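First the structure, in the form of structure tokens, and then the observations on it.
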Amino acid sequence: MRAVRAARRTLEAGFTAVRDAAGAPAGVRMAIDAGYFPGPRMFVTVSGLSQTGGHTDAHFMCGADLDIPLPDRPRSVVDGVEAMRLRVREVIRAGADWIKLCTSGGVLSPGDQPHHATLTLEEIIAAVEEAASKGLKVMAHAQANAGIKNALRGGVATIEHGIWLDGDAIEMMLDGHNALIPTLIAPQWVIRHAEAGKMPAYAADKARAVVADHAASIKQAIEAGVTIAFGTDTGVGPHGTNGEEFLLMNKLGMEPISCIRAATTIAAKTIGMSGVGTLAPGSWGDLIGVPGDPLSDLNLLADPANVRLVVKGGDVVKRSPS
């Protein structure tokens, strides 16, 4: 039921196509496509892969392990080149559209730090090779500077978060035509949850420590002309609140039209989902309606209550009173 609610809220907030960055099995995508419940078109990664002690290792010092293997979702922890090849093959077998690696630590993970690089370059290359053999691309949760550079050297297509970019990393992204997905709202939601008593102290401390550097890094990337694609890490915050990211991108210097393109044409091109992101002959006919001009006020997109009309594939899936 959580997946059903999340899918509906995301769609009704105006997001008709998404790439899920780990957790949703392929069955969710298939159920939406079959019409069992409303939701956006989905590209799924199924399981985000990291090393022992890495970002998706849910083993705690007390001995609790929350990485419970499920029939439709392979384990997330993997170590070594050959093990990586096998695990990527397993994730593809489970129906993944993209492969997700964690090449640095993160905010929510208990056993690492955001500025620590994880996975070896050889492991990353092996994952990229296995994905490419099936026509798939790799995304990288990459916050640490060294983790970003290892991901880029290894051949990943997109960098998620990018908290500690530097000039060399930005040049690598420009040269490789890689896209950056900032997810600026994610640490903000960690802090909000902590203030409400719903987040462990270790995660809140890490979130507060990265916010300023995260903003400075993304601002530098925007000014350098790195391709910015819209993404939020929603699930950290409530599903359906994705649009708040527009305000944070705009605050760092992106013009409103650039923010909107990041979530439409650029996002569609980045994830390889043709037919969405534009209204043109041959497109799938997705559009949303808000009571005003979002180029003058991005709050019209940030608050899901302002999304009065959602059309997916020519079908009206939400219509609110004007």
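The values are calculated or read from the model by the stated rules, or taken from the named source; none is laboratory data. Values in this document were obtained by computation on a predicted structure and should not be read as measured data. Note: ideal-geometry Cβ built from the backbone for every residue, glycine included; neighbour counts use all protein chains shown. Only protein heavy atoms, including side chains, enter the accessible area calculation; ligands, DNA and RNA are left aside. Shrake-Rupley method; radii C 1.70, N 1.55, O 1.52, S 1.80 Å.
Label point of R153 set 7 angstrom out along Cα-Cβ; within segment 119-144, amide nitrogens under 19 Å from it belong to 119-130, 138-144.
Listed by chain and number, the lysines whose alpha-carbon sits under 24 Å from that of K198, ignoring those within fewer than 8 places in the same chain, are K206.
Accessible surface calculations at 1.4 Å, restricted to protein heavy atoms, place the chain at 45 Å² per residue.
Remark: accessible surface ordering of D72, D175, D97 (largest first) is D175, D72, D97, probe radius 1.4 Å. For the chain, with all protein chains in place and a probe radius of 1.4 Å, 54% of the accessible heavy-atom surface sits on carbon or sulfur.
With respect to the chain, whose longest principal axis is taken over its alpha-carbon atoms, helix 2-12 is tilted by about 40°.
Given their separation in residues at 0.36 nm each and the Cα-Cα distance between them, T265 and A132 gain 45.5 nm when the chain is fully extended. Compared with the direct C-alpha span, the chain from E82 to A196 gains 36.7 nm at full extension, assuming 0.36 nm per residue. Computed with a 1.4 Å probe over protein heavy atoms only, the accessible area of C62 comes to about 120 Å². Taking 22 Å as the straight-line reach from the Cα of K251, the lysines in range (excluding those fewer than 8 positions away in the same chain) are K219. Solvent exposure of V317, expressed as accessible area, is near 60 Å², computed with a probe of 1.4 Å over the protein chains only. Largest GNM mean-square fluctuation across P71, P114, P256, computed for the chain with C-alpha springs under 10 Å, falls on P71. Using heavy atoms of the protein chains and a probe of 1.4 Å, the accessible area assigned to V290 is about 40 Å². Taking all protein chains together and a 1.4 Å probe, the residues D112, D297 rank D297, D112 from largest to smallest accessible area. From the Cα gyration tensor of segment 94-193, with a ≥ b ≥ c the square roots of its eigenvalues, which class applies: rounded if a/c is under 1.5, or else prolate if a/b is larger than b/c, or else oblate? Prolate. Between helix 81-93 and the chain, what is the angle of the helix's C-alpha long axis to the longest principal axis, kept within 0 to 90° and rounded to the nearest 10? With rounding to tens, the tilt is 30 degrees. GNM on the chain, alpha-carbon springs under 10 angstrom: the most fluctuating residue among I288, I222, I257 is I257.
A cut-off under 14 angstrom between Cβ atoms defines the neighbours of G135, and their net charge, with Lys, Arg +1 and Asp, Glu -1, is 0. Counting 0.36 nm for each residue step from I68 to L279 and taking away their Cα separation leaves a gain of 71.7 nm.
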